1. Could you give me the residue pairs with C-beta distances under 6 Å whose first residue belongs to the stretch 19-48 and is under 16 Å from residue 59 (Cα atoms), whose second residue is open to solvent by 50 Å² or more (accessible area, probe 1.4 Å) wherever it lies, and which are 6+ apart or on separate chains?
2. Look at residue 19 and say whether it is over 23 Å from residue 123 (Cα atoms) and loosely packed, with under 13 Cβ neighbours inside 10 Å.
3. For residue 3, which of the numbered conditions (1) open to solvent by 70 Å² or more (accessible area, probe 1.4 Å); (2) polar (S, T, N, Q); (3) free of Cβ contacts under 8 Å to residues at least 60 places away in the same chain fails to hold?
4. Within the stretch 60-71, track down each residue that is open to solvent by 30 Å² or more (accessible area, probe 1.4 Å) and either within 20 Å of residue 40 (Cβ to Cβ) or touching a strand residue (DSSP E or B) at 6+ places or on another chain (Cβ under 8 Å) (or both).
5. Any residue at all in the stretch 76-92 that's more than 16 Å from the chain's Cα centre (by Cα) and modelled with pLDDT of 95 or more?
Amino acid sequence: MKTINCFDDHAPKRDWLVSFFDLKDEFFAEHSLGPNMFTHFKRFLRDAKLIDGNQCTSLTSIINQLGWESETALGILLVNLAYENAQFEWYIHEMDIGYYYTSSELKERLLAADMKEKAANSIIK
């Protein structure tokens, strides 16, 4: 089973995406992220199908043309993440749309699924 704690305490931030779409391939040499942040952000980019190795994919160009913050672009990225990223997959399967979950409710679900407490706390963040 794939771990659902894909990002530890380094979930992708809007600023990271802004920088990635501004720099594209140069992002890999010019980013200002720490090593753990960079590793986890690369995981996000790979799972979203925006990179292959240290190269942007053709999807990156398409998303950039659409405007990465557009509903269409974000929808495409979320579909890719739903299929490729275990953490996003967990959110989809374990959380109901339109229901507000408290942190403690989510933590209970994660712990019931044999997740360690530290990992559960990272996922909730």
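The values are calculated or read from the model by the stated rules, or taken from the named source; none is laboratory data. Owing to the predicted nature of the structure, the values given are computational and were not obtained by experimental measurement. So basically every Cβ, Gly included, is an ideal-geometry build from the backbone, and we count neighbours across all protein chains shown. SASA here: full protein model, heavy atoms, side chains in, ligands and nucleic acids out. Shrake-Rupley method; radii C 1.70, N 1.55, O 1.52, S 1.80 Å.
1. Every condition considered, the pairs that remain are 21/64; 23/30; 47/84.
2. Details: over 23 Å from residue 123 (Cα atoms): yes; loosely packed, with under 13 Cβ neighbours inside 10 Å: no.
No, not satisfied.
3. (3)
4. Answer for the stretch 60-71, where residues must be open to solvent by 30 Å² or more (accessible area, probe 1.4 Å) and either within 20 Å of residue 40 (Cβ to Cβ) or touching a strand residue (DSSP E or B) at 6+ places or on another chain (Cβ under 8 Å) (or both): just 68.
5. Taking the stretch 76-92 and keeping what is more than 16 Å from the chain's Cα centre (by Cα), we get none.
No: the stretch 76-92 contains no residue that is more than 16 Å from the chain's Cα centre (by Cα) and modelled with pLDDT of 95 or more.
Here is a yes/no grid of residues against (1) aliphatic (A, V, I, L, M); (2) in contact with a Lys or Arg (Cβ under 8 Å, 6 or more places away or on another chain):
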| position | (1), (2) |
| --- | --- |
| 33 | yes, no |
| 49 | no, no |
| 55 | no, no |
| 63 | yes, no |
| 72 | no, no |
| 82 | yes, no |
| 86 | yes, yes |
| 90 | no, no |
